[in-house]
């Protein structure tokens, strides 16, 4: 079958909850992917930062195969030999005391919300059913019913009410708004150190540090959602490190498994995650031995191949190249590490048509928030491949 055949079948039988570019991928390696018609593309989305280690990294795939032949699932009714090692290695790497494994990023966000509320009632002594969590406008933390309850994107909420109460929305990158929003009922502040889905929005220098200090002063948990920005994407292991802070809890996913399996986690102190008792929260697949083995190797690849530092250096190189492009369509280019957004002027006619034109030239990326081209290649990309991409980006933007 050809591309058009697969698209026709999916359009007929699949729910239309995505608007993908019309490329049908059937093979991938490193930073390159191949479609069913044999055409080769440079991947500049990295599955929304899930394949920071590159597609089908041989070390990760070998561990996946090896573990799949031993045991894949025990449920949490029994213990397995991979989860304890993942817990220890992840905590030692990040400096947190405990972790709680889940599968998808949204599940990890839900876990953090439950932990924050329970902490608010049991430790902070907030009156029952009065706990509030502060979130930022233009956030993207997932798509469950609870999470879209504190989204400010109309489409993410349309048709899904009634919404879960207990969330207060403030503008992103606004310290005064955070200070004013905190009350005795505030349990936590949840924030993306870099807002990815919103268009690679980077807060002012020192914003996260000031927000953290305000939370500490008011006995409020500071929760960083690093599902997209973490694990090397921003040029450091975590984007919050740029502000020299250590959140009370960090949410991770995506690249935690190198794109080979859904694995996510919440990292926190014993004061926060120790609030859970047996039966309070769980997941049949969360912490399964196959996912844990894959995650362990994925973390080792990140560290041993020095991918955060690679992202930092190549990100600066990439930004320098992009900023030399002369185009009447460009409004602003912003990024940290290999997490970059090109915001186009409104009159450019939207980012989608530029992404479609880049696809025709062999470069895959995706629009976000209508006018932003998101550029986030696997962190194993080489300088010459960035140069190759810049030539095509310049061609399309001109």
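The values are calculated or read from the model by the stated rules, or taken from the named source; none is laboratory data. Here the structure is a predicted model, which is why all the values come from computation and not from measurement. Ideal geometry is used to build each Cβ from the backbone, glycine not excepted, and the neighbour counts take in all protein chains shown.
Identify, from the list 214, 245, 227, 200, the residue that is at pLDDT 95 or above, in contact with a helix residue (DSSP H, G or I) (Cβ under 7 Å, 6 or more places away or on another chain) and crowded, with 24+ Cβ neighbours inside 10 Å.
Numbers: 214 fails: crowded, with 24+ Cβ neighbours inside 10 Å; 245 fails: crowded, with 24+ Cβ neighbours inside 10 Å; 200 fails: in contact with a helix residue (DSSP H, G or I) (Cβ under 7 Å, 6 or more places away or on another chain).
After applying the criteria, what remains is 227.
Name the residues in the stretch 206-241 that are free of Cβ contacts under 8 Å to residues at least 12 places away in the same chain and over 25 Å from residue 302 (Cβ atoms), would you?
213, 216, 217
Of 97, 153, which residue is modelled with pLDDT of 95 or more, in contact with a helix residue (DSSP H, G or I) (Cβ under 6 Å, 6 or more places away or on another chain), surrounded by fewer than 18 Cβ atoms within 10 Å (Cβ to Cβ) and farther than 14 Å from residue 221 by Cβ? Even if it seems obvious, please write down each step before you answer.
Details: 153 fails: in contact with a helix residue (DSSP H, G or I) (Cβ under 6 Å, 6 or more places away or on another chain).
After ruling out the rest, the residue left standing is 97.
Given 85, 59, which one is in a helix (DSSP H, G or I), within 30 Å of residue 312 (Cβ to Cβ) and over 23 Å from the mean Cα position of the chain (by Cα)? Even if it seems obvious, please write down each step before you answer.
Working: 59 fails: over 23 Å from the mean Cα position of the chain (by Cα).
Only one candidate qualifies: 85.
Among (1) surrounded by fewer than 24 Cβ atoms within 10 Å (Cβ to Cβ); (2) under 15 Å from the mean Cα position of the chain (by Cα); (3) closer than 11 Å to residue 111 by Cα, there is one condition residue 282 misses while meeting the rest; what is its number?
(2)
Yes/no matrix, rows are residues, columns are (1) surrounded by 12 or more Cβ atoms within 10 Å (Cβ to Cβ); (2) under 21 Å from residue 363 (Cβ atoms); (3) modelled with pLDDT under 95; (4) touching a strand residue (DSSP E or B) at 6+ places or on another chain (Cβ under 6 Å):
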| position | (1), (2), (3), (4) |
| --- | --- |
| 13 | no, no, no, no |
| 35 | yes, yes, no, yes |
| 47 | yes, yes, no, no |
| 53 | yes, yes, no, no |
| 59 | yes, no, no, no |
| 84 | yes, no, no, no |
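Could you tell me how many of the residues in the stretch 364-387 are in contact (Cβ under 8 Å) with a residue 60 or more places away in the chain and touching a strand residue (DSSP E or B) at 6+ places or on another chain (Cβ under 7 Å)?
The number of residues fulfilling the criteria is 13.
Test residue 356 against the criterion of being at pLDDT 95 or above, out of contact with any strand residue (DSSP E or B) (no Cβ under 8 Å at 6 or more places or on another chain) and closer than 21 Å to residue 261 by Cα, and give yes or no.
no
Being closer than 26 Å to residue 18 by Cβ and in a loop (DSSP other than H, G, I, E, B) is the requirement here; does residue 381 meet it?
Criteria met by residue 381.
Just one of 65, 39, 29 is farther than 16 Å from residue 366 by Cβ, surrounded by fewer than 16 Cβ atoms within 10 Å (Cβ to Cβ), out of contact with any helix residue (DSSP H, G or I) (no Cβ under 7 Å at 6 or more places or on another chain) and in contact (Cβ under 8 Å) with a residue 40 or more places away in the chain; which is it?
Selected residue: 39, the only one of 65, 39, 29 that is farther than 16 Å from residue 366 by Cβ, surrounded by fewer than 16 Cβ atoms within 10 Å (Cβ to Cβ), out of contact with any helix residue (DSSP H, G or I) (no Cβ under 7 Å at 6 or more places or on another chain) and in contact (Cβ under 8 Å) with a residue 40 or more places away in the chain.
Is it the case that residue 334 is closer than 17 Å to residue 235 by Cα and out of contact with any helix residue (DSSP H, G or I) (no Cβ under 6 Å at 6 or more places or on another chain)?
yes
Just one of 337, 341 is surrounded by 14 or more Cβ atoms within 10 Å (Cβ to Cβ), at pLDDT 95 or above and more than 18 Å from residue 367 (Cβ to Cβ); which is it? Break it down into steps so the answer makes sense when it comes.
Details: 341 fails: more than 18 Å from residue 367 (Cβ to Cβ).
The unique qualifying residue is 337.
Please give the number of the condition residue 360 fails out of (1) farther than 19 Å from residue 40 by Cβ; (2) without any contact (Cβ under 8 Å) to a residue 24 or more places away in the chain.
Answer for residue 360: the failing condition is (1).
Since residue 372 meets every condition but one in (1) modelled with pLDDT of 95 or more; (2) farther than 21 Å from residue 201 by Cα, which condition does it not meet?
With respect to (1) modelled with pLDDT of 95 or more; (2) farther than 21 Å from residue 201 by Cα, residue 372 is out only on (2).
Give the number of residues within the stretch 141-150 that are surrounded by fewer than 21 Cβ atoms within 10 Å (Cβ to Cβ) and in contact with a strand residue (DSSP E or B) (Cβ under 7 Å, 6 or more places away or on another chain).
Matching residues across the stretch 141-150 total 1.
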